[in-house]
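Let me begin by presenting the structure, written as structure tokens, before commenting on it.
Computed from the coordinates by the stated procedures, all read-outs in this text should not be read as laboratory data. Predicted model, so just to flag it, every value in this text is computed and none were measured. Cβ placement follows ideal geometry from the backbone for every residue including glycine, while neighbour counts extend to all protein chains displayed.
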Amino acid sequence: MACMYAQKRVSRRMFSTLNALLIVCVQRKFLLFFLLISLCRNAEAQIQHWSPSAELGSYIGTSSTAPFWLRSNQFGTVPLTMPSLTGRVGLTYESQIYADTIKKSKHSKIRWGAGAETVFNLGRGNEKVLLPEAYLKVRWKKLEFWGGRRKQILGIVDTTLSTGSFTWSGNAMPVPKIQLGFPDYVPLKFLKNYVSLKGFFSHGWFNVPYIQDAYLHQKTLHGKFGKPGGKFSMQIGVVHSVTWGGHADYLKTSPLAVNGQLTDNFGDFLWGVVIGKIPKAYQNRRFTNFDGENRVGNHVGQYDLAFEYQLKTSKLLLYHNHPFEDGSGLQLQNIPDGLYGLSWKRAASNKSFIQVRGVLLEYLFSKDQSGAGFDLTNSHFKGNDNYFDHAQYKEGWSYFGKGMGTPFIQPNSEIKSKYWGEFFPDNRVVVYHVGLEGTAARSIQWRTKLSYSSNFGTNNRPFNPTAKQFSYLLMVDAPIFKWGNTRLVTKLAFDQGDLLPSSLAGYVGFRATAFGKWK
């Protein structure tokens with residue numbers, strides 16, 4: 001018994017120490033810039049690349065509610081109620097080694113970087129200052145370590161036109177974490193570069209108002225197969241994320257936790273969270289029978305499968321994200337659920353005034369869920385996957401109130417009140433989506449998204465009748481001043497249907513991305 005409590009004290013001290021280190025990096029906003037300045041002053045034989053940016057804009061609409069495509073997949077920076085005024089200031093830094101001067105140095109393959117972005121919203125009760133990015137990174141060859149908040153989309157999708165990766169789309173504010181891995185594919189030379197791998201392992205801090213001292217475990221592994229320089233390649237991979245640990249007042253009287261605390265024991269983390277094994281013990285002093293019947297933590301993941309074909313001046317990408325939240329999803333018993341996409345992209349040319357440079361067709365389906373009922377008789381065949389909701393974590397797969405996965409599985413706060421239920425009252429959806437992007441007059445960039453969804457509620461509380469919804473977005477980005485590479489950014493979006501409040505709104509802003517030569 002003494003060993004068990006000692007192990008628990010050690011694990012808590014370890015995570016508390018990591019937490020303190022990250023808080024210093026993330027919450028002390030100005031420390032990041034002091035570190036950057038110090039790094040640049042002391043770096044030898046390096047070129048320092050600074051990339052500043054600034055934007056100021058305003059929203060206007062028929063109501064105060066922001067249409068779906070103005071606020072979705074914006075990393076939590078656009079609230080549901082549109083602010084009158086918004087602005088952001090960003091700065092990134094990348095070091096680059098002088099190959100000629102230190103080619104033989106043992107440090108020549110080490111690179112540094114950092115980034116920060118601050119967003120402020122004013123008016124209509126949205127007076128907030130947000131920090132969607134603040135990170136430091138170091139890279140040795142192709143291995144990268146970073147800590148802080150950093151914008152990420154996990155999984156294989158068309159990153160500019162997609163509805164978003166099924167489980168990690170960039171819809172919510174980034175979770176602060178530390179991460180070690182290979183961000184780019186690394187060819188395996190012993191297989192003559194026919195196989196490349198990438199992936200990472202990370203630990204995050206999931207503190208939100210409704211639960212404290214919770215953590216995020218996340219890892220990915222993807223492989224790419226194909227002849228080097230060939231036209232055809234295949235990618236397969238997995239994204240695995242887990243919310244675990246934490247304590248909350250609402251759990252103190254709940255049979256789902258022990259005295260309001262969810263286990264943060266290191267052994268439970270290793271076997272139940274990282275490896276995903278169902279515990280041998282049905283219940284003990286650390287967790288209840290809920291964890292004993294399922295797994296420790298809220299597991300959310302996806303399998304990725306993609307095929308890419310390179311044409312003469314363009315490429316095709318066919319991809320699929322298949323979700324899993326328990327054993328039935330892992331065993332593909334929830335087929336055909338997931339996101340399906342076909343993307344076509346081509347390089348720019350000067351042949352026509354208006355060019356289409358990208359087209360995307362996507363289909364999202366999440367109605368199967370391994371069956372409507374939950375089968376307790378056979379742990380390998382469970383149903384009613386109830387995507388993104390969770391009994392222990394009452395706000396499910398969300399961060400500060402916004403869903404972290406596909407924005408089409410929306411929380412109560414974003415849909416009409418007559419459809420309210422669990423935190424995610426509508427996780428059985430069918431979505432048809434089209435995206436296009438291109439240029440006009442060479443320098444004007446445009447993008448449009450059209451989405452039509454049928455929303456069926458949940459298996460526990462189905463919508464009757466089905467809620468139909470249409471959402472649209474048009475973005476135009478055009479140069480207006482040479483100073484600062486200043487561009488006029490305009491957006492027009494509207495929602496019409498049963499699920500969301502009807503809304504027509506626009507955004508007008510000015511963005512500058514160059515202020516002289518910062519080197």
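If each residue's Cβ is checked for other Cβ atoms within 10 Å, how do 72, 314 rank with the fewest at the top?
314, 72
Let me know the charge dipole size of the chain about its Cα centre in debye, to the nearest 20, where only the beta-carbon of Lys, Arg (+1) and Asp, Glu (-1) is charged.
For this selection, approximately 2180 debye.
List 404, 82, 475 from most exposed to least, where exposure is judged by having the fewest other Cβ atoms within 10 Å.
Least crowded to most crowded, the residues run 475, 82, 404.
Can you compute the modelled spin-label distance between residue 480 and residue 60, with each label point 7 Å from Cα toward Cβ, in nm?
1.2
Given N residues in the range 151-210, what is its alpha carbon radius of gyration divided by 2.2 N^0.38 Å?
That ratio works out to 1.44.
Cut-off under 27 Å on the C-alpha distance; same-chain residues fewer than 8 positions from residue 277 excluded. Which lysines are left, in chain and number order?
Of all the lysines, those that pass the test against residue 277 - Cα under 27 Å, at least 8 places apart if same chain - are 8, 177, 198, 219, 252, 367, 382, 394.
Quick one: compute the contact order of the range 317-371, relative version, from alpha carbon pairs under 8 angstrom and 6+ residues apart, as a percent.
Once normalised by length, the contact order is 40 percent.
Would you mind pulling out the separation of the Cα centroids of the range 143-179 and the range 210-276, in Å?
Distance between centres, Cα-based: 15 Å.
Around residue 489, under 14 Å between beta carbons, what's the net of Lys plus Arg minus Asp minus Glu among the other residues?
On the way: positive: 88, 447, 487, 491, 511; negative: 55, 477.
That sum, taken over residues with Cβ under 14 Å, equals +3.
Normalised by the residues of the chain, what does the relative contact order come to in percent, with Cα pairs under 8 Å and at least six apart?
13
Tell me, 156, 211 in order of fewest to most beta-carbon neighbours within 10 Å?
Numbers: 156 25, 211 22.
Fewest to most other Cβ atoms nearby, the residues stand as 211, 156.
If you wrap a convex hull around the Cα atoms of the chain, how much volume per residue is inside, in Å³?
Values: hull volume 92.9 nm³, N = 519.
For the chain, the hull spanned by Cα atoms encloses 179 Å³ per residue.
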